[in-house]
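No value in this document is a laboratory result; all are computed from the given coordinates. Please read all numbers here as calculations on a predicted model, not as lab measurements. As a convention, Cβ positions derive from the backbone with ideal geometry for all residues, glycine included, and neighbour counts pool all protein chains shown.
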Amino acid sequence: MATDEELLGEIEDVIRTMPDPDTFHHREGGVLDWLGRVKALFETMKGGSYVEMNLAISKLGLDHSVWQASREIMLLIRSARHKLRMQTTGPLSLVVDRGMVFEYFDALRQVIEEARKDVFFIDPYLDADVVKRYAPFVGSGVTVRMLARERVKTLVPAAQAFTAQNGTPIEVRSGSSFHDRFVIVDSGRIFQSGASFKDGGHKTPTTLTEIADAANEMRRIYEDIWSKSVVAL
C-alpha cells in the first residue's frame, strides 16, 4: 500500500500534468488517460472522496455540466493534496523572495480555488486590484467577504462591477483595530500573509503561512471584528 508521502508525490504530479480543463469533456487520448489516473489515485486514498470524484467525472458526459464538473474535479484534487500535505509535511508555509510575484499569486490562487462556501479576506489595504486579481478564481456558489479600511472607495466599485458581471456575491466592510492580513476559507483554514494581498512579492520578501494551533481563536477574533464593522457593500 502506498504511503502518504508517495500519494502526495503522485497527486503533485497529477496537478503538474493536468490537461486544460476546457478539454475535459473530449475524454480522448491524453485527457482520458489522465482521468483514469485520477480515478485510480482516489480509489487508493483513504476517505470518501473516491465517490465524489467518480460522480464529477461522470458529469463530463453532460454538456450542460462540463464546466461545473471540471471545477469539482480540480477542487477535489487540490483538497486531497492539502489533506495529504497536512498529514506529511504539515501546514502550508511559503517564503517568497522580492520579485517572485507569480509564486505568491499562484499559492494564494490555489487556496481560493478550494473554497466551496466562503472566502474571507482581511487586509486594511484591500483595493480594486485585489478584486481583479483573485475574485475570478472564486468558485460558483461561493460568497466573498472583504474586511478593509484604507482603500474602500476603490474597492467597493470594483466589487460591485465584478458581482454585476459574474454574479459572485461580495460583501465589503470597513473596520478598525486590525492590521495583519489573513484569508479564511470556508470558516476553516486560515492563512496569514506577511504583505498586503495586492503587493505580495512585489517590493519586499514576504510569507504566506497557514495558521494551525491558534486558528480557532484567530477566526473568533476576526469574525467579531467583522460583525462590528461598517457595511460598505
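Numbers for the structure displayed
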| quantity | calculated |
| --- | --- |
| Helix 152-166 axis, angle to the chain major axis (alpha carbon atoms, nearest 10°) | 30 degrees |
| Length released on extending from GLN165 to GLN68, taking residue separation times 0.36 nm less the Cα-Cα span | 33.1 nm |
| Cα-based helix-to-principal-axis angle, 66-87 vs the chain, degrees rounded to 10 | 80 degrees |
| Electrostatic dipole magnitude of the range 93-231 [Cβ: Lys, Arg +1; Asp, Glu -1; Cα centre; debye, to 20] | 420 debye |
| Equivalent-ellipsoid semi-axes of the range 4-87, from the Cα gyration tensor, Å, largest first | 21, 13, 11 |
| Fewest-first sequence of LEU208, LEU32 by Cβ atoms within 10 Å of each Cβ | LEU32, LEU208 |
| Whole-angstrom Cα spans of the chain along principal axes, big to small | 52, 38, 33 |
| Magnitude of the charge dipole, the chain, Cβ model with Lys/Arg +1 and Asp/Glu -1, debye to 20 | 700 debye |
| MRE, 222 nm, helices only [DSSP H, n ≥ 4, -39500 (n - 2.57), over the chain, to nearest 500] | -15000 deg cm²/dmol |
| Calculated FRET efficiency for the pair LYS228/LEU32, C-beta based, R₀ 41 Å, to 0.05 | 0.20 |
| Degrees, to the nearest 10: 215-228 long Cα axis against longest axis of the chain | 50 degrees |
| Length-normalised contact order of the chain in % [C-alpha pairs under 8 Å, at least 6 apart] | 19 percent |
| Approximate spin-label separation ASP20-VAL101, in nm, with each point projected 7 Å along Cα-to-Cβ | 2.5 nm |
| Distance between modelled label sites at THR207 and LYS117, nm, 7 Å Cα→Cβ extension | 2.9 nm |
| Most fluctuating residue given options LEU94, LEU126, LEU147, as computed from a GNM of the chain linking Cα atoms under 10 Å | LEU94 |
| Neighbour-count ranking [beta-carbon atoms within 10 angstrom, fewest first] of LYS59, LYS203, LYS39 | LYS203, LYS39, LYS59 |
